[in-house]
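> Following this message is one structure expressed as structure tokens.
The values are calculated or read from the model by the stated rules, or taken from the named source; none is laboratory data. This is a predicted model, so every value here is computed, not measured. So basically every Cβ, Gly included, is an ideal-geometry build from the backbone, and we count neighbours across all protein chains shown.
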Amino acid sequence: MTPMRQHYLDQQLPGPYFLLTFTVPEPLRPFIRSHQRLAYHALFQASATALKRLAKDERFIGTDLPGCTGVLHTWGRQLQYHPHIHYIVPGGGLSQDRTAWRPSRANFFVPVKALSPVYRTLFKEEMRQAGLLEHVAPQVWTLPWNVHSQANHNGRSAFPYLAPYVVRGAISNSRIVGLTDRTVTFTYRKPGSARPRTINLDAIEFIRRFLQHVLPDGFMKVRHFGFLHASCAIPLDTIRLMIVQAHPADCTPTPLTPPAPFVAFCPICGGQMRVVARLWTTHRTFADTS
């Protein structure tokens, strides 16, 4: 198990989790690419605030302090520019007096149809405050801003899905299968298909696509909100106890599945390779934001 994955599992709370993805319409992407630092920050603020606003509604959860962790992701399967944010969200939040846990339903956090227009409006306000609203194509505000939500029984399945986005680059070396006559060939998979396909790009186009996913210097692509924020005075152990006391039947520990052994093959001869050592970076990629 990698240290990154272990870090998230150590923070896991009992009960259901939700994976939410906030996207933007295609006409907005050129603007975001030209104003990355400001626009990425606005995407985080708008999406997290929208989640908090709907979670506060008594019809859904009735908590003014949910918790969520978001990871910025900017590429599609063919290295096209596709900025969006993945969130992992525990199913509930704290009561107003911070003494009890308010659970969500096991298969429903907040309605994505209501979340989408709130998210769009909040981003628009961020652009207005930054004085950049006139630079955004007007049709952007009439298009749907798709938000997807998927329920997970517990974090054991949700965290492994999210963790690779923290350290993964736009493309791995193993996907690059050819470089001839200034043409780069790499593999990709279409959504919903397990069959690998290949795409050929001119070397300059490949470099262009790759470099557009390099984040602004010092920008933190992982951010925590609500009770997961570092400034929250209530420890996770206390929150975990609240959940167990309020809903013991939903907090049965899930047995761990041993990780599959790592197997790598030589890209030249195809033979199985032997792991000699594992090296981990000491660079921190985590950030906390209100």
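> Being of a type in the set (D, E), touching a helix residue (DSSP H, G or I) at 6+ places or on another chain (Cβ under 8 Å) and either assigned to a strand (DSSP E or B) or farther than 26 Å from P14 by Cβ (or both), is that true of even one residue in the stretch 126-137?
Within the stretch 126-137, one or more residues are of a type in the set (D, E), touching a helix residue (DSSP H, G or I) at 6+ places or on another chain (Cβ under 8 Å) and either assigned to a strand (DSSP E or B) or farther than 26 Å from P14 by Cβ (or both).
> OK, next. Scan the stretch 140-154 and give yes if some residue there is of a type outside the set (G, A, S), free of Cβ contacts under 8 Å to residues at least 60 places away in the same chain and within 22 Å of A48 (Cβ to Cβ), otherwise no.
The answer is yes; a qualifying residue exists.
> When residues of the stretch 126-139 are filtered for being surrounded by fewer than 16 Cβ atoms within 10 Å (Cβ to Cβ) and in contact (Cβ under 8 Å) with a residue 24 or more places away in the chain, how many remain?
4
Residues are listed down the side, and each one gets a yes or a no for (1) assigned by TED's automatic domain parsing to the domain that holds D57; (2) closer than 20 Å to T74 by Cα; (3) aromatic (F, W, Y):
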site	(1), (2), (3)
S104	yes, no, no
A114	yes, no, no
Y119	yes, yes, yes
L132	yes, no, no
V140	yes, yes, no
W145	yes, yes, yes
S149	yes, yes, no
D181	no, no, no
K190	no, yes, no
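> Which of the residues spanning the stretch 189-218 are under 20 Å from the mean Cα position of the chain (by Cα) and surrounded by 13 or more Cβ atoms within 10 Å (Cβ to Cβ)?
Residues satisfying the conditions are F210, Q212, H213, L215.
> Right, here's the next one. State all residues of the stretch 140-157 that are out of contact with any helix residue (DSSP H, G or I) (no Cβ under 9 Å at 6 or more places or on another chain) and either surrounded by fewer than 16 Cβ atoms within 10 Å (Cβ to Cβ) or not in a loop (DSSP other than H, G, I, E, B) (or both); if no residue qualifies, say none.
The answer is T142, A151, H153, S157.
> Within the stretch 152-208, track down each residue that is among the aromatic types (F, W, Y) and within 26 Å of P90 (Cα to Cα).
The answer is F159, Y161, Y165.
Yes/no matrix, rows are residues, columns are (1) touching a helix residue (DSSP H, G or I) at 6+ places or on another chain (Cβ under 6 Å); (2) within 26 Å of F210 (Cα to Cα); (3) surrounded by fewer than 21 Cβ atoms within 10 Å (Cβ to Cβ); (4) not aliphatic (A, V, I, L, M):
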| residue | (1), (2), (3), (4) |
| --- | --- |
| T74 | no, yes, no, yes |
| R77 | no, yes, yes, yes |
| T99 | no, no, yes, yes |
| R105 | no, no, yes, yes |
| S116 | no, no, yes, yes |
| L122 | yes, no, yes, no |
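> For V24, which of the numbered conditions (1) farther than 30 Å from R98 by Cα; (2) surrounded by fewer than 22 Cβ atoms within 10 Å (Cβ to Cβ) fails to hold?
Here V24 meets the rest and fails (2).
> Go through the stretch 20-55 and report how many residues are outside any helix (DSSP H, G or I) and farther than 30 Å from G91 by Cα.
Final tally of qualifying residues: 1.
> Would you tally the residues in the stretch 168-185 being surrounded by 14 or more Cβ atoms within 10 Å (Cβ to Cβ) and in contact (Cβ under 8 Å) with a residue 40 or more places away in the chain?
Counting residues in the stretch 168-185 that are surrounded by 14 or more Cβ atoms within 10 Å (Cβ to Cβ) and in contact (Cβ under 8 Å) with a residue 40 or more places away in the chain gives 2.
> Name the single residue that is nearest to S104 (Cα to Cα) among those in the stretch 26-77 being hydroxyl-bearing (S, T, Y) and under 15 Å from the mean Cα position of the chain (by Cα).
Here the residue is T69.
> In a helix (DSSP H, G or I) and over 21 Å from A163 (Cα atoms) - does that describe any residue in the stretch 105-112?
Looking through the stretch 105-112, at least one residue is in a helix (DSSP H, G or I) and over 21 Å from A163 (Cα atoms).
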